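Every number in this text was worked out from the coordinates using simple rules, so none of it is lab data. Remember, it's a predicted structure, so these values are computed and weren't measured experimentally.
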Amino acid sequence: MPNGMVVVDRERCKGCGLCVGVCPFGVLELSATYNSAGYPVVSASHPEKCTGCTLCAQTCPDVALEVYREKAVAGSAVGSSAETPTDHR
């Protein structure tokens, strides 16, 4: 079932942790690294669990997350996919 990918904009992230708390699959965590403004940043500690639900991106007050989902390409072989951004704003 997992077929999503979350990308964190490290410079926009302020480490509030809202996305970490809302993720139903435990994909995200606060990391030990900091951005140039001195904030701890979120990282995808379990990216293989991401389903592309966009709850994290919808919750982020700083718009620091982008979520992508794999989507079957019409007319292609079974199992082929392309990553497309999910509009969450």
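The stretch between Ser36 and Val7, if pulled fully straight at 0.36 nm per residue, gains 8.7 nm over its current Cα-Cα span. Summarising the amide proton neighbourhood of Gly15: residues at separation of 5 or more, or on other chains, whose placed amide H is nearer than 5 Å comprise Val42.
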